[in-house]
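See structure below.
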Amino acid sequence: MIFLYVILFAVVESPLTFAQYAHDRVSLIKQMPLSEFGDKANVGNDCWGYVSPSGREYALMGLYGKTAIVDITDPVNAFIAAEIDHAKSDWSDIKVYKNFAYVCNESNQGTQVLDLSLIDEGIVTHIRDLFPLTSHNLALNEETGILYLCGSHSVSGGFIMYDLKPDPSDPTYLGYWRGAYNHDAQIVVMKRGPFKGREIAFCCSADQFLILDMTDKPNGQTLSSSVYPDISYCHQGWLSADQRFFYLNDETDEIQGKTPTTRTIIFDVTNLRKPVYLGTFTSGFSSTDHNLYQRDNFIFEANYRSGLQIFDASDPVHPVHIGYFDTYPENDRPGYQGAWSVYPFFPSGTVIISDINRGLFILDVSEALNSSRIAIEQPALTHGSQTTFRASNAAPNETTYFLYSLIGPGATYVPSVNTMIGLNQPQLIGTENADANGDASLSVLVPNNTAGLSIWFEVINDGRTSNVTEARVN
């Protein structure tokens, strides 16, 4: 978020009934309006999630003068478990590492370190604040335990880095990198290619999309700097699960009239030194886009006045719009009211939206996700015997690919069918054309001497996939 005045004059709205929110294949479980959060809740901003050691799920809701921790384990009966005040700011950003939350804002308090380990008892402890006083965003590599403070004015908007692994309650300062303004970033350890094992930052840096090698901290190495047609403000983005594609949003292209509808930009980042712009996709609405995340093959976008938008990215270059929930019913025009962020990573599948005007939305997205899935029956496997794999809800008269893995789930891009699947080291069982009803079946012999093996299965048809199904050979 980059324009302060818009937030200051935003109108705080009371909750509406479910029927008054436009939606498609996404259901409202519960809304918690700003009024429910009491004082210091003039506006909403960021959100993130936390799962306690007991398995309880919590939404961390950013507000004007505090962070609220909401127990959503039973989402219908969600309740505020605890609150921690911070300096008043229209912006905040939240990330979680182990049992600690880190909260930054732009009002000269620094980044808060919060201990969530006793949240099941309603206790959250504010331990300390980290330098610098202001940062716009936080990026966290959970694998390495490195926290990156983004958009920090004290280092010209570059990174300030802390190591959380030795003691998450007392992070170790690692230094700073000030080579460019980084508005937001995703930092990962690469799993493939010539940079395998290196810590790479994918940075949305306002006037460019920047890729850095941050392995030798704090001395980042620029691998590439890219732009795309009609760039306005490269704001935020997220990698596909196989680290081959990067999806990013531009926060001001709609409001500046550079695109008639909300667009999400796609880069092929297979070659980190030479990313390739592949094009865009759209929900068809005209609202400004803000934050997006990907889980499995699905992209979840918080697009301000058009709310939550969901896409199936099984075909990573041509994602399909499969559902939405509009948290701002007044209009879908470009502007800075409505959905600020989305968190789709809870184990239960519950999705939350933090809304500037209307607070916290707890949503059921299962219908949208299942609508794009091919259904596959659980096969009965006996070694040395025939078995039949059956799929339904496939595209009629199209080739259906039946695949298996002995390794387990894992993100794999299959270039021959331009599809992202959920199997690690997939192997082809065989193919059959789906009939006019979208049903397909394939009979095969289960090899001898396979008793006791666990096997994972998935189906591809016309760029769509099934869930990954596990079966054990008898």
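Within the stretch 137-190, can you find the residues that are farther than 27 Å from Tyr233 by Cβ, among the charged types (D, E, K, R) and in a strand (DSSP E or B)? Correct list: Asp163 only.
Please work out which residue is farthest from the chain's Cα centre (by Cα), limiting yourself to the stretch 220-253 and to residues that are acidic (Asp, Glu) and assigned to a loop (DSSP other than H, G, I, E, B).
As a first pass, look at the stretch 220-253 and keep what is acidic (Asp, Glu): 230, 242, 250-251, 253.
Imposing the further condition that a residue be assigned to a loop (DSSP other than H, G, I, E, B) reduces the set to 230, 242, 251, 253.
Working: Asp230: 25, Asp242: 14, Glu251: 17, Asp253: 21 Å.
So the residue we want is Asp230.
In the stretch 254-277, what residues are touching a strand residue (DSSP E or B) at 6+ places or on another chain (Cβ under 7 Å) and either surrounded by fewer than 17 Cβ atoms within 10 Å (Cβ to Cβ) or assigned to a loop (DSSP other than H, G, I, E, B) (or both)?
Taking the stretch 254-277 and keeping what is touching a strand residue (DSSP E or B) at 6+ places or on another chain (Cβ under 7 Å), we get 261-269, 272-277.
Once the filter is applied, which keeps residues that are touching a strand residue (DSSP E or B) at 6+ places or on another chain (Cβ under 7 Å) and either surrounded by fewer than 17 Cβ atoms within 10 Å (Cβ to Cβ) or assigned to a loop (DSSP other than H, G, I, E, B) (or both), the stretch 254-277 yields Thr261, Thr262, Asp268, Val269, Leu272, Arg273, Lys274, Pro275, Val276, Tyr277.
Out of the stretch 301-342, which residues are buried (at least 24 other Cβ atoms within 10 Å of the Cβ), assigned to a strand (DSSP E or B) and free of Cβ contacts under 8 Å to residues at least 60 places away in the same chain? Of everything in the stretch 301-342, those that are buried (at least 24 other Cβ atoms within 10 Å of the Cβ), assigned to a strand (DSSP E or B) and free of Cβ contacts under 8 Å to residues at least 60 places away in the same chain turn out to be Glu301, Ala302, Tyr304, Gln309, Phe311, Ala339. Any idea how many residues of the stretch 343-364 are over 24 Å from Gln256 (Cβ atoms), of a type in the set (A, V, I, L, M, F, W, C) and in a loop (DSSP other than H, G, I, E, B)? Total satisfying the criteria: 2.
Quick grid of which residues meet (1) charged (D, E, K, R); (2) buried (at least 22 other Cβ atoms within 10 Å of the Cβ); (3) within 22 Å of the chain's Cα centre (by Cα):
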position	(1), (2), (3)
Glu83	yes, no, no
Gln112	no, yes, no
Phe131	no, no, no
Tyr148	no, yes, yes
Ser154	no, no, no
Asp163	yes, no, no
Ser169	no, no, no
Tyr181	no, no, no
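From Val103, Val155, Val96, Val113, grab the single residue that is hydrophobic (A, V, I, L, M, F, W, C), in the same structural domain as Trp177 (by TED's automatic domain parsing), closer than 21 Å to Asp184 by Cα and at pLDDT below 95. Testing whether each residue is hydrophobic (A, V, I, L, M, F, W, C), in the same structural domain as Trp177 (by TED's automatic domain parsing), closer than 21 Å to Asp184 by Cα and at pLDDT below 95 leaves just Val155. Residues that are surrounded by fewer than 14 Cβ atoms within 10 Å (Cβ to Cβ), on the phi < 0 side of the Ramachandran plot and not assigned by TED's automatic domain parsing to the domain that holds Ala241 do occur in the stretch 411-420.
So that you can scan it fast, the table gives a plain yes or no per residue for (1) of a type in the set (D, E, K, R); (2) within 26 Å of Thr350 (Cβ to Cβ); (3) not in a loop (DSSP other than H, G, I, E, B):
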| position | (1), (2), (3) |
| --- | --- |
| Gln378 | no, yes, no |
| Ala391 | no, no, yes |
| Ala411 | no, yes, yes |
| Gln425 | no, no, no |
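Residues in the stretch 308-324 include at least one that is modelled with pLDDT of 95 or more, of a type outside the set (A, V, I, L, M), within 24 Å of Tyr413 (Cα to Cα) and touching a Pro at 6+ places or on another chain (Cβ under 6 Å).
Considering only residues of the stretch 95-127 that are aliphatic (A, V, I, L, M) and not in a strand (DSSP E or B), which is nearest to Phe159 (Cα to Cα)? Lay out the reasoning, then the answer.
Here is the first cut: in the stretch 95-127, the residues aliphatic (A, V, I, L, M) are 96, 101, 103, 113-114, 116, 118-119, 123-124, 127.
Those still in the list that are not in a strand (DSSP E or B) too: 116, 118-119, 123-124.
Values: Leu116: 25, Leu118: 31, Ile119: 30, Ile123: 31, Val124: 28 Å.
The residue in question is Leu116.
Search the stretch 278-294 for residues being assigned to a loop (DSSP other than H, G, I, E, B) and under 18 Å from the mean Cα position of the chain (by Cα), and hand back the single one that is farthest from Ala139 (Cα to Cα).
So the first thing to find is which residues in the stretch 278-294 are assigned to a loop (DSSP other than H, G, I, E, B), and the list is 283-290.
Next, from what is left, pick out any that are under 18 Å from the mean Cα position of the chain (by Cα): 283, 288-290.
Working: Ser283: 27, Thr288: 22, Asp289: 19, His290: 16 Å.
The selected residue is Ser283.
In the stretch 382-395, the condition of being farther than 21 Å from Trp456 by Cβ, over 25 Å from the mean Cα position of the chain (by Cα) and either surrounded by 15 or more Cβ atoms within 10 Å (Cβ to Cβ) or not assigned by TED's automatic domain parsing to the domain that holds Thr270 (or both) is met by at least one residue. When you check Ile460 against the structure, is it farther than 21 Å from Ser385 by Cβ, surrounded by 14 or more Cβ atoms within 10 Å (Cβ to Cβ) and aliphatic (A, V, I, L, M), yes or no? For Ile460, the condition - farther than 21 Å from Ser385 by Cβ, surrounded by 14 or more Cβ atoms within 10 Å (Cβ to Cβ) and aliphatic (A, V, I, L, M) - is met.
One residue stands out in the stretch 216-233 among those that are buried (at least 17 other Cβ atoms within 10 Å of the Cβ) and among the aliphatic types (A, V, I, L, M): the one that is nearest to Ile187 (Cα to Cα), namely Leu223.
Give me a count of the residues in the stretch 251-271 that are closer than 30 Å to Pro194 by Cα and of a type in the set (Asp, Glu).
Taking the stretch 251-271 first, the residues closer than 30 Å to Pro194 by Cα are 264-271.
This time we only want the ones that are of a type in the set (Asp, Glu), so: 268.
Looking only at that region, the number is 1.
Could you please find all residues in the stretch 392-406 being of a type outside the set (Ser, Thr, Tyr) and within 18 Å of Val446 (Cβ to Cβ)? Of everything in the stretch 392-406, those that are of a type outside the set (Ser, Thr, Tyr) and within 18 Å of Val446 (Cβ to Cβ) turn out to be Phe402, Leu403, Leu406. Yes or no: the stretch 198-219 includes at least one residue that is assigned to a loop (DSSP other than H, G, I, E, B), modelled with pLDDT under 95, closer than 30 Å to Asp24 by Cα and touching a strand residue (DSSP E or B) at 6+ places or on another chain (Cβ under 7 Å). Scanning the stretch 198-219 turns up no residue that is assigned to a loop (DSSP other than H, G, I, E, B), modelled with pLDDT under 95, closer than 30 Å to Asp24 by Cα and touching a strand residue (DSSP E or B) at 6+ places or on another chain (Cβ under 7 Å).
The values are calculated or read from the model by the stated rules, or taken from the named source; none is laboratory data. Just so it is clear, the model here is predicted, and its values are computed rather than measured. Quick reminder, even Gly has a Cβ in these numbers, built from the backbone with ideal geometry, and neighbours come from all protein chains shown.
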